[in-house]
Each structure stands twice: as C-alpha cells, then as structure tokens.
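S.K.: One structure, pasted below without further comment.
The values are calculated or read from the model by the stated rules, or taken from the named source; none is laboratory data. Computed from a prediction, not measured in an experiment: that's the story for all the values here. When we count neighbours, we look across all protein chains shown, and the Cβ atoms used for this are built from the backbone with ideal geometry, even at glycine. These accessible areas exclude ligands, DNA and RNA; they are computed on the full protein's heavy atoms, side chains included. Shrake-Rupley method; radii C 1.70, N 1.55, O 1.52, S 1.80 Å.
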Amino acid sequence: MSSSEANQPFREEPRNGNQLTVDPMALQGELDVVDDGYAMKEAKGVEETSSPDSADAYDFDRYDPQREIERQDQIRADRIARRRIPANVFQKYFGKAVPYGGLLSTGLNLASSSIGAGIIAMPLAFNSSGLVMGLIYMVVVAYLTVYSYYLLGFAAQKTGLRSYEMIVRTLLGPGADYFLALCMWLFSFGAELSYVISLKDVLTAFLEDSPNTPDFLRGIWGQRVLTVAVWLFFMLPLTLLKEINTLRYFSCVAVLFIIFFVVCMVVHSAQNGLRQHPRPEIKMVNTGNTAIGGLTTFVFAFLSQLNAMEVAEELYKPSPLRLTLGASVGVAIVFVLYLFAGLFGYLDFGPKVTTSALKMYNPVQDPLMGVGYGGIMLKLCVGYGLHMIPVRQAVYYCFRADVHRLPWWKNACVCTFLALLSLVAGLFIPSINVVFGLVGGFCGGFIGFIYPAFMMMYAGNWTFSSVGWFHYFSTYLLLIVGVIGVVWGTASSIYGEI
C-alpha cells in the first residue's frame, strides 16, 4: 500500500451499482484514532446505502462550521424576507412605519419589554435613591444596557450561535448555561408576577374608588376573580405567539398609551404636589440599604437583554451594530419616559411613595388618569406576552427543544401552564417591592451585566491593546455594576423584608 493510500481513512470501491464496500483493515486503523467525542455511528460513517449523497463523517467541506453558519444565515434571511411581505392592507401601510425586523420595531419591542412594571416603580426608585443619585443611576444603567447589547451581538457573531445559553456554554463551559437559564427563568417569571400584581392594583384602584362597586368586588376574592377574568381573555392569548415581532403592533400602541400615562403623571404633579405648601420633602441623595434598593429597581426596570437573541434572530440584516442601534432606540424611549415618570412622581408625593405608583392616584375622580390606567392595562398585557418568550425559552433550552419546530399546540400548552403558575403566585404575593428587589438585583445583575462582560473577556484576544481603552473599561464597569447589583442589591432586599 502506498503512503498516499495509507493516509486515507478507508478505501471505497463500487459494488452493485451505488453500494459501497469498505476496506476493513483501513477502517479499523482509523477507528483507533477517532476522538472519543464522536459517536461510533458517526465515526464509521460508512454504512452501505443506496444513495450517492450519503453523509460522510470526514467530508469537512460538508461539515465545515462556517458553511453551517452561512446556511443558517440564509434560512433566517429567507424567513425574514417572507415576513416582510405584507399579508393584508393593514400590514401594507403600517408595515412601512414599523417593518418586520426594522430598527424601530426592534426598539419598540425592547422598550415594551422594559416598560410596564418598571414605569410604575420609578417614583419608588427615586424615593429610595434620592433625586441626584437616581439620575446618576439612570444614566449609568442606560448606557451599560446599550453596551451590553453590543457585547451580546459581538459574541453571537464571533461564535456563530443564536442562543444566549449556547453562547455562554461555548465560552464559559458547561453548567454556566444552565445557571443562566435559571436566572432568565426567575427574572422573566418575576416580571410576569409583577404584571399580574400590577393588573390587580389597577383593577383595585377602579373598584375601591368607585361608589357603585358591589360589595363582593370590593373584597379581596372579588378582585382576584376579576383579575383572573382579565388575565384569561387579554393576557393569556398574547403568551401563545411564537415570534416576538408578531407583537410589534401591540407594542407600538402600548408605548403610546405609556406616553399618555406619563403625561398624566406630569399634569397631576403640576396640579397637586408642586402646588402644595409646604411641598413634599425631597432628598437629593440617600445612603445605606435604601439607596442600593433603588439601584436594583433601576436594573429591573431597564433590563431587556432576555429578548436580545430573539430580537437579533428576527433583525433585518443582523449585525452587532444594528442590534446596538435597535437597543439604543428602545433604551432612549425608556429613559425619557422613566425620567419624567420618576421625577414628577417623586416630586408629586415625596416620601409617601413606598410601593407601586398605581396606588397613589384615583382613576375614578380623575378621568384623565383613568384613561391612563386603561393604557397601563394594555401595556401590562403586551409586556406579559413578551416576557413569556424568555420564560419558555429557558425551559426549552433545558429540554433541547426548538420553538420553531414545535407544533403550535405543544407550545401553547407549555406557555399556558407557565402563565397559570405566574397568575396563581401573583394573586397571593402582597407587594411588588419583593419582586423588584430580589429578582432585579440577583437575576438582573447576571443576565444584563456579568454574563455579557464575561462573554467579551472569554471570546478571545482580550487585552488592553487589542480591544482599546473604551471597550476595556466599559466591560469592567459592566462587570462591577453587575456584582454590586447581585451582592449588595440582593442583601439589601432581604434585609428590607426581615
């Protein structure tokens, strides 16, 4: 046997048409050097077959990772191209303003994912942090949120993977992905709880302030029954959708209602709190556990990285830059609304704000605020549907399931079960502060700050000279803020509940 023949894993000769025969001695020699990571069936790769296109385990042109990435990119591009074709008159005109996978639709979906329970927590966050520290927290958290999207997009592009958990597993090793999935599930499930609790607060405000409310609906069980009814007909259906861009129209309308609600907060502050004599006591800076609790609330309010990979997967012409631009649109919308809601809500009530802002207004006596509460209910329904996506994705990752390949009814059963759990828990948790503190500090710190920073560091070539001073210091700042949120934020929340 010549040396060139000896280097071949096996020699194939035609036999009976398309069937192949294998040199057993050459095959046995190759099996001796096959890496243990390959399954025996893949290692042989020489089963007799009647097809000339049978897979060859040593055909590296066919199994080249770069070619697989390009194939997946083409599948994604084809899917997005089909989605961008208008299916009706409404999509034909509205799709021009908010096209499928566009930067505006990306920003609106991410903004809608953040705003909701976050907007009603802003006065509480300013009361906990102080006016000046609250502004500083907002600027830092907003900047780091946008920067983390760049790191997520960079890691996805460098690894060719399209799952947050898989990227973490590849860069940080097995086990880190399951811990991330746990954090994402806890945070998203906590967000679902906050939406149910907030929905109950909105309904309670109408029921308790109206003189014509039946006695049964004034009681706790009547309020729970009404909450279940609204959840069943308006919240649950939005959790059954498979793609995040399906909610882009609802997100657009919901964000408009949030803007209206913030305007109502500004008007109410101008007509009430700012006219009081003496005015409510306003602190510029708070210290201790209270101030750290404010930081965790801001982290919870701005966090939307749970949907980052789903947004990137549906993004038109995806790249780290376009993902960052889409995130910038969303964070800019969120920042402006949070600033006005937190600032004027705090100036209106001062230290009286110790819980959700929904409990501070009277939507029956103030018709304008009543309309705003109706908009908040719509936003809560949309946010509930958006946060179900990372909840189910964390479960699917652990069971190695792909939502795009699952039958609709199976995905609907999983989402219904998870939504039912959040409903039951949300009906019996008395205060939304518990969710903001524990979930925002611990899970939010890992998802939005620590993991993106580690992904950048472990993606390779991490030195000051190679990445430059901007990325070097921004990545470490992201990591430090995440650690502060996880350690001191969680401790502060637990201390506050004892």
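S.K.: Quote the accessible area belonging to Thr354 in square angstrom, nearest 10, computed with a 1.4 Å probe and with ligands, DNA and RNA left uncounted.
M.R.: For Thr354, solvent-accessible area is about 90 Å².
S.K.: Using just the Cα positions, wrap segment 104-496 in a convex hull and report its mean projected area in square nanometres, one decimal place.
M.R.: Answer in nm², one decimal: 18.8.
S.K.: Across 10 Å bins from 0, what is the distribution of all Cα-Cα pair distances for segment 130-181, in whole percents?
M.R.: Calculated P(r), rounded to whole percents: 24, 35, 24, 16, 2.
S.K.: Could I ask something else about it? Please report the accessible area of Met133 (heavy atoms, 1.4 Å probe, ligands and nucleic acids excluded) in Å², nearest 10.
M.R.: Around 50 Å² of this residue is reachable by solvent.
S.K.: Of the accessible area of segment 156-235, with the probe set at 1.4 angstrom, what percent is carbon plus sulfur?
M.R.: So the carbon and sulfur contribution to the accessible surface is 68 percent.
S.K.: Roughly what would the spin-label model give for Tyr458 and Leu182, points 7 Å off Cα along C-beta, in nm?
M.R.: According to this spin-label approximation, the distance is 1.6 nm.
S.K.: Determine the order of Phe206, Phe446, Phe417 by accessible area, beginning with the largest, at a probe radius of 1.4 Å.
M.R.: Phe417, Phe206, Phe446
S.K.: Also, quick follow-up: For labels at Leu378 and Phe428 in the simple 7 Å Cα→Cβ model, what's the distance in nm?
M.R.: Inter-label distance under the simple model: 3.4 nm.
S.K.: For segment 110-216, calculate the relative contact order in percent as a whole number, restricting contacts to Cα pairs under 8 Å that are 6 or more residues apart.
M.R.: 21 percent
S.K.: Got a number for carbon plus sulfur as a percent of segment 239-323's accessible area, 1.4 Å probe?
M.R.: So the carbon and sulfur contribution to the accessible surface is 63 percent.
S.K.: Tell me, in nm to one decimal, what length is gained between Ala229 and Ile282 on full extension, where the rule is 0.36 nm per residue of separation less the Cα-Cα distance?
M.R.: Answer, rounded to one decimal: 15.1 nm.
S.K.: Follow-up. For a protection proxy built on the mean count of beta-carbon atoms within 10 angstrom, sort 217-223, 465-471 highest first, please.
M.R.: Numbers: 217-223: 14.4, 465-471: 11.6.
Most protected by this proxy first, the peptides run 217-223, 465-471.
S.K.: Can you give the relative contact order of segment 104-496 as a percent, counting alpha carbon pairs under 8 Å and 6+ residues apart? Walk me through the numbers before you get to the answer.
M.R.: Details: 610 pairs, mean separation 149.5, N = 393.
Relative contact order comes out at 38 percent.
S.K.: R0 = 35 Å: FRET efficiency of Leu420 with Thr354, Cβ-based, nearest 0.05?
M.R.: Result of the calculation: an efficiency of 0.70.
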